[in-house]
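Notes for the one structure printed next.
The values are calculated or read from the model by the stated rules, or taken from the named source; none is laboratory data. Note that this is a predicted model, so its numbers are computed, not measured. Here Cβ is always computed from backbone atoms with ideal geometry, including for glycine, and neighbour counts include all displayed protein chains.
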Amino acid sequence: MSTASPNARLVSLTVNGRPVARLAAPRTHLADFLREGELLTGTHLGCEQGVCGACTLLLDGEPVRGCLAYAVACEGRAVTTIEGLDQDETAARLREAFTAEHALQCGFCTPGMLISARDVVERLPDADDARVRVEMSGNLCRCTGYVGIVKAIRRVLDDRKAG
Amino acid sequence: MFGVGARVRRKEDDRLLRGRGRFVADIALVGMRELAFVRSPVAHARILSFDIPEQVRRQVFTWQDLEPAGVRPIRAASGLPGFKVSEQPPLAADKVRFAGEPIAVTVAATRAEAEDIASQVIAEFDELPPNVDMLAAAAPGAPCVHEHWSDNIFLETRVGQSFEKDVAAAPVRISRSIRTQRQCIVPLEGKGLVAHWDRQAEQLVLYTATQMPHIVRSGLSECLGLPLEAIRVIAPDVGGGFGWKGLLQPEEVVAAWLCLHLGCPLRWMEDRREHLVAAANAREHHYEITAYADADGRLLGVDADAWVDAGAYSIYPFSACLEAAQVGSILPGPYDFPHYRCRTFSVCTNKPPIVPFRGVARANVCFAMEQIIDAIAAAVGREAWEVRLLNLVPPEKMPFDNITGKHFDSGDYPESLRRAVAGIDLASVRRRQLQGEPDGRLVGVGFATYCEQGAHGTAVYHGWGIPMVPGYEQVQARITADGGLELRAGIQSHGQGMETSFAQVAHEVLGIPLERIRLVHGDTGLTPYSTGTWGSRSMVMAGGAVATACRRLADRLRRIAAHLLQARLEDVTLSGGMLQSGQADITIAEIARTWYLAPQLLPADVDPGGLEITAGYKPKSDHGTFSYATHAAVVAVDAEVGLVEILDYLVVEDAGTMVNPAIVEGQIFGGVAQGIGTALYECSPYDDAGQPMASTLMDYLLPGFTEVPAIRIEHMETPSPYTEFGVKGLGEGGVIAPSAVLCNAINDALKARGAVVTDQPVTPARILAALRNARAEPPP
Amino acid sequence: MKPVDFDYVKPTTLAAAVDLLAQGNGSVKAVAGAQSLGPMLNLRLVQPELLVDVTAIPELLGTREEAERIVIGAGVTHARLEDGDTSERTQAVLAQIASGIAYRAVRNRGTIGGSLAHADPAADWLVCTTALGAELLLVGTAGQRTVSAAEFVVGGFETMLAPDELIVEVRVPRLSAGSRWGYYKLCRKRGEFADASAAVLVDDARGFYRCVIGATSGRPIVLDDSRPLSELAGAAAVAEALSPTALAGDAFAIQVHAAAVRRAVRAATA
């Protein structure tokens, strides 16, 4: 994270419900701001090209690419990372389903995968498997072949419908 | 319930699901600075000079700084006769040999600032003609990548003899030129490292995203001239490897030296662009194959020349020739036929070195050989699976020594094929083809059968003479005073779930609950030497060592128990973590408490080694294990735009005894997904100047959720006669067959139009070109 | 990779924004969601001195329905359009287009104006707004002007935006209830840029017909509106349309673009 820049300024955000104010150069993206400044290392950087989805986090409750959102542009907004979803009910169900369905191997894509999966579960309760695949297609996994992840999301969607 | 064969949940998952894993990028040390590498913009050139602005001069380092300090080039020679040795200075010395080769390193407080400095470092080059295509590079008169060589061939190997007169009367003769593309490996986590000098331990400590910490340590010792005990290499959580993290990297050597030189911790994180343009690549082969068969389709002989584009340097430890030489020994695949000849060429080019990517060489030879089988079937007018069945090694011949001396341990190869034919419902696909699709697409079905050597033994690797030969795999096992179990293994688990599967093995032997078993791995300071995790070996080798160590601990426990229970040794049994003799019993925890805290109660002849042991293990056969599978797929080809949809994908596999079926399936699913990438999407092309054309994940397409179908798996489970529990290595298997299966299925779909694709990836452009050519030249 | 060390401002008025752009001599970049610019910044393919964040300018943020058209603020995200009121014909078409752009996490930040200004030939809005007959309201220090989407793009990654101009609004004529829309894009992989695309609008009630080829190396190509659609969908017509572009003579490109046109026509006439 770059702070030595003459362009650096104080950036104030709410991170996982907690106010944070930290000096950052405008070129610092949200993922670096959180990882290097707040030591919230659950947000992973897989490409910094906006493709892989490993850095996906919630900005005002919506999933966004952490590598394509500059921290300075998020002034005053609320950020939730994987660490902030420890007590979240949907995330808890997904964690349970992910482990039951062997939906992770190395675990590097997993935080971003869970953030996107949570969005799918909450936004599209009626999604079938084909829709789940389309909606999740912005998150890459190199280990699992996606089979377990689709099953895990399916399991949570079905469980929620069943109540 | 929780031992060998149980589908238990992984111990690793909770930390990873909460974002609490610790990957190398997550490690922050006080005073840590960051590195950025300046990389060659040209493929082949002499470096004339560097222009480095004075204000940043002290933050920039080149070979001119490293060489006088005694840093040595990376050298990975093979003992095979005729091998030409390359020397790779970790920062280019007087010459660059591929675009992306590191030529300087910069250090600053942040990565961004290090990149700012890197952008100011300008090198002046005298450009030389690049060797971009392997066939041209191998031709006489090509400019030499290494000027003191006589040509660009690292190594030529020959297997078998010419047999033309033996097959002169063969009714079927099939010749094919087949090309497989250069790939990048692309684990989701790139390479990365943190290097620092531990002042108390007086050790260089390198945290690095590696599959083989002990080998990296050996390589660092060679390049830095430090004794091994002064180096500790730690692999933290590693975000996938697949082979890319199975080598000593120039960046590791540079960072390690620089942290000693500067006296501060340093971090380097490979970014995705560096990975795609400058990291070791994989899989670029060219084949000229001729196969001979009788009128039924029975193989009579295979004659092949194979070229592997090995890139500019021989990588440590696997060398530049392992892949091509492996082609020579495994091209016959799972088939039994009488005549075989293969020449291979490891060609040096002005591209990044190649590294063994999951399913190394096997994916390529399967792609080539299985196309040949389908072509033979077409020639003799039979279903391709029938021709496969005719040629597969039958179960009654197991164990079987094939034409290149590979020792297939066990299994029923034809049965995997028969089950795949039934499972994919070939008959219904054929009916569907006759009816045609409502949307006009062309449906096709394809099969491929392979066998996969894993857990290669000492003799196999000794033959290569490379800087690494696997011997006995060792594991330390220690029962703690409260009855827990600590396992220490030198392999590295980076997604394979070994923290779970090794615990299952230990639980199977000792009955200690999984939650009380902990695996320490990937740290040279804490674990026995190991060549690491590669070649589908860890479950067989280190898993076998876990079982061996636990059995020996069980024996010691029984001896102490016999004394404490006042029973005869032969009457004491160990089951469910409890030692029993008749009605009397004692827990492992109670025995452990006795050993550690009440030694006065121990028998006089107690083994002084106590409840801690290091055991070494090798399978009974040095040839390794042979898993096998048949994959089958149904595809729909859109002949208007060239898109391929995978309608069904079935794997019928046999990896011996499964320790954890969920993990086995996960490995297969992931392997198949990577194989789909190889088949249809992934490619790292180079232009005529040797410039890599795919530098982002927008250009280098990885298969995603919508490109990988809901893969189905059917298990067979034939134990290996040579290993603990009969397990076989299977980590690479999934990736071997998909490109062959999909190519065969696409060709099956296209055959109605007389079109054939032979090169991968099978892109829309290639499919449409094949269709255009077929229209231009109607089939005979 | 990390971007160069740029400065950043987030003006709250349109006037302030265009003034900042005007002062920059080209080293200033306007940015909204940064979903196109971000990767280029991270790769240092773009090295600005100043980013002007336009997402706090009220004129860019709203969507409003007028009698003859839907007016979309340039800073409206793809996701907002995707989630729009699909009971209204025009918005339903816009939602359908938006839902196919990249991935949800990208759509949550990326904006229609940003996509148009970036002018990647393969991008969805470029070809679709052209086919819909949309107009863009551009505002600069010298005032405002309205241009058609078709004329806005002058080449691959090139537009008629002056250095001090911003896209403020995208004005999409309301489609008739019975209008028919077809859009097809050929992507090797879901969410990635298209190798070929085409959009067709058949709006009999308004007498508006248009067929546009996208994912060329340059600007979207509007096919001659006077010919019947079936003729436009022929390979010869597409080859002719592509002949002035870098794709001329590229058998694969001609074939897949022709297929895209055919499929878009089929979708609009089925």
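All of (1) under 30 Å from B:GLY666 (Cβ atoms); (2) assigned to a loop (DSSP other than H, G, I, E, B) hold for B:PRO90 with one exception: (1).
Name the one entry in C:ARG145, C:ARG210, C:ARG219 that is without any contact (Cβ under 8 Å) to a residue 12 or more places away in the chain and at negative phi. Steps first, please.
Values: C:ARG210 fails: without any contact (Cβ under 8 Å) to a residue 12 or more places away in the chain; C:ARG219 fails: without any contact (Cβ under 8 Å) to a residue 12 or more places away in the chain.
From the options C:ARG145, C:ARG210, C:ARG219, the qualifying one is C:ARG145.
Every residue in region B:95-132 that is closer than 30 Å to B:SER346 by Cα and surrounded by fewer than 17 Cβ atoms within 10 Å (Cβ to Cβ), please. Explain how you work it out, then say what you get.
In the first step, residues of region B:95-132 are kept if they are closer than 30 Å to B:SER346 by Cα; the result is B:95-104, B:125-132.
B:ASP126, B:GLU127, B:PRO129 - these are the residues of region B:95-132 that are closer than 30 Å to B:SER346 by Cα and surrounded by fewer than 17 Cβ atoms within 10 Å (Cβ to Cβ).
When B:ARG441 is tested against (1) buried (at least 18 other Cβ atoms within 10 Å of the Cβ); (2) in contact (Cβ under 8 Å) with a residue 60 or more places away in the chain; (3) within 30 Å of B:GLU396 (Cα to Cα), only condition (3) is not met.
Restricting region B:225-251 to residues that are assigned to a helix (DSSP H, G or I) and of a type outside the set (A, V, I, L, M, F, W, C) leaves a set whose member that is nearest to B:GLY490 (Cα to Cα) is B:GLU229.
Taking region B:403-433 only, how many residues are part of a helix (DSSP H, G or I) and free of Cβ contacts under 8 Å to residues at least 24 places away in the same chain?
Restricting attention to region B:403-433, the residues satisfying the condition of being part of a helix (DSSP H, G or I) are B:413-424, B:426-433.
Add one more test, that the residue is free of Cβ contacts under 8 Å to residues at least 24 places away in the same chain, and what stays is B:422, B:427-428, B:430-432.
Number satisfying all stated conditions: 6.
From the list B:VAL254, B:VAL216, which one is without any contact (Cβ under 8 Å) to a residue 40 or more places away in the chain, touching a strand residue (DSSP E or B) at 6+ places or on another chain (Cβ under 7 Å) and either part of a helix (DSSP H, G or I) or surrounded by fewer than 24 Cβ atoms within 10 Å (Cβ to Cβ) (or both)?
Numbers: B:VAL254 fails: without any contact (Cβ under 8 Å) to a residue 40 or more places away in the chain.
Exactly one of B:VAL254, B:VAL216 is without any contact (Cβ under 8 Å) to a residue 40 or more places away in the chain, touching a strand residue (DSSP E or B) at 6+ places or on another chain (Cβ under 7 Å) and either part of a helix (DSSP H, G or I) or surrounded by fewer than 24 Cβ atoms within 10 Å (Cβ to Cβ) (or both), namely B:VAL216.
One residue stands out among those in region B:639-693 that are among the small types (Gly, Ala, Ser) and facing chain A (nearest Cβ under 10 Å): the one that is farthest from B:ILE767 (Cα to Cα), which is B:ALA662. The criterion of at least 1 residues that are of a type in the set (S, T, N, Q) is met, among helices (runs of 4 or more DSSP H) falling completely within region B:701-780, by B:738-750, B:764-776.
State whether one or more residues within region B:363-370 are assigned by TED's automatic domain parsing to the domain that holds B:ASP748 and over 28 Å from the mean Cα position of the chain (by Cα). So far as region B:363-370 goes, no, none of its residues is assigned by TED's automatic domain parsing to the domain that holds B:ASP748 and over 28 Å from the mean Cα position of the chain (by Cα).
From B:TYR335, B:TYR287, B:TYR313, which residue is in contact with a Pro (Cβ under 6 Å, 6 or more places away or on another chain), on the phi < 0 side of the Ramachandran plot and of a type in the set (Ser, Thr, Tyr)? Even if it seems obvious, please write down each step before you answer.
Details: B:TYR335 fails: in contact with a Pro (Cβ under 6 Å, 6 or more places away or on another chain); B:TYR287 fails: in contact with a Pro (Cβ under 6 Å, 6 or more places away or on another chain).
Testing whether each residue is in contact with a Pro (Cβ under 6 Å, 6 or more places away or on another chain), on the phi < 0 side of the Ramachandran plot and of a type in the set (Ser, Thr, Tyr) leaves just B:TYR313.
Taken over region B:389-401, residues that are touching a Gly at 6+ places or on another chain (Cβ under 9 Å) and either assigned to a helix (DSSP H, G or I) or surrounded by fewer than 21 Cβ atoms within 10 Å (Cβ to Cβ) (or both) amount to 4. Tell me which residues, restricted to region C:219-264, are within 19 Å of C:LEU126 (Cβ to Cβ), in contact with a Ser or Thr (Cβ under 7 Å, 6 or more places away or on another chain) and in a helix (DSSP H, G or I). Of everything in region C:219-264, those that are within 19 Å of C:LEU126 (Cβ to Cβ), in contact with a Ser or Thr (Cβ under 7 Å, 6 or more places away or on another chain) and in a helix (DSSP H, G or I) turn out to be C:LEU242, C:ALA260. The strands (runs of 3 or more DSSP E) falling completely within region B:579-655 that include 2 or more residues that are more than 29 Å from B:ARG488 (Cα to Cα) and touching a His at 6+ places or on another chain (Cβ under 9 Å) map to B:644-654.
Is region B:709-720 home to any residue that is touching a residue at least 40 places away in the same chain (Cβ under 8 Å), crowded, with 24+ Cβ neighbours inside 10 Å, within 14 Å of chain A (Cβ to nearest Cβ) and on the phi < 0 side of the Ramachandran plot? The answer is yes, given that some residue of region B:709-720 is touching a residue at least 40 places away in the same chain (Cβ under 8 Å), crowded, with 24+ Cβ neighbours inside 10 Å, within 14 Å of chain A (Cβ to nearest Cβ) and on the phi < 0 side of the Ramachandran plot.
If a residue counts only when it is more than 30 Å from B:PHE669 (Cβ to Cβ) and more than 9 Å from every other protein chain (Cβ to nearest Cβ), which strands (runs of 3 or more DSSP E) contained entirely in region A:1-115 have at least 2 such residues? Explain how you work it out, then say what you get.
Numbers: elements: A:9-15, A:18-24, A:56-59, A:62-65, A:78-80.
Answer list for region A:1-115: A:9-15, A:18-24, A:78-80.
Contact map, region B:148-168: residues that are within 30 Å of B:SER86 (Cα to Cα) and not assigned by TED's automatic domain parsing to the domain that holds B:SER78 paired with residues that are crowded, with 19+ Cβ neighbours inside 10 Å and hydroxyl-bearing (Ser, Thr, Tyr), Cβ distance under 6 Å, separation 6+ or inter-chain. Pairs shown: B:PHE154/B:SER346; B:LEU155/B:SER346; B:THR157/B:THR344; B:GLY160/B:TYR340.
Listed by first and then second residue, the pairs linking a residue in region C:164-193 that is within 14 Å of chain B (Cβ to nearest Cβ) and of a type in the set (Ser, Thr, Tyr) to a residue that is surrounded by fewer than 21 Cβ atoms within 10 Å (Cβ to Cβ) and assigned to a strand (DSSP E or B), with Cβ atoms under 8 Å apart and 6 or more places separating them unless they lie on different chains, form an empty list.
Taking region C:1-112 and the strands (runs of 3 or more DSSP E) fully enclosed by it, the elements with 3 or more residues that are touching a residue at least 24 places away in the same chain (Cβ under 8 Å) and in contact with a Leu (Cβ under 9 Å, 6 or more places away or on another chain) are at C:7-9, C:28-31, C:50-53, C:69-73.
Of the residues making up region B:178-204, those that are within 14 Å of chain A (Cβ to nearest Cβ) and either among the aromatic types (Phe, Trp, Tyr) or part of a loop (DSSP other than H, G, I, E, B) (or both) number 8.
Of the residues examined, B:TYR617 is one that is among the aromatic types (Phe, Trp, Tyr), touching a Phe, Trp or Tyr at 6+ places or on another chain (Cβ under 7 Å) and within 30 Å of B:ARG556 (Cα to Cα). In contact with a Lys or Arg (Cβ under 7 Å, 6 or more places away or on another chain) and either charged (D, E, K, R) or part of a strand (DSSP E or B) (or both) - does that describe any residue in region B:57-78? No: zero hits.
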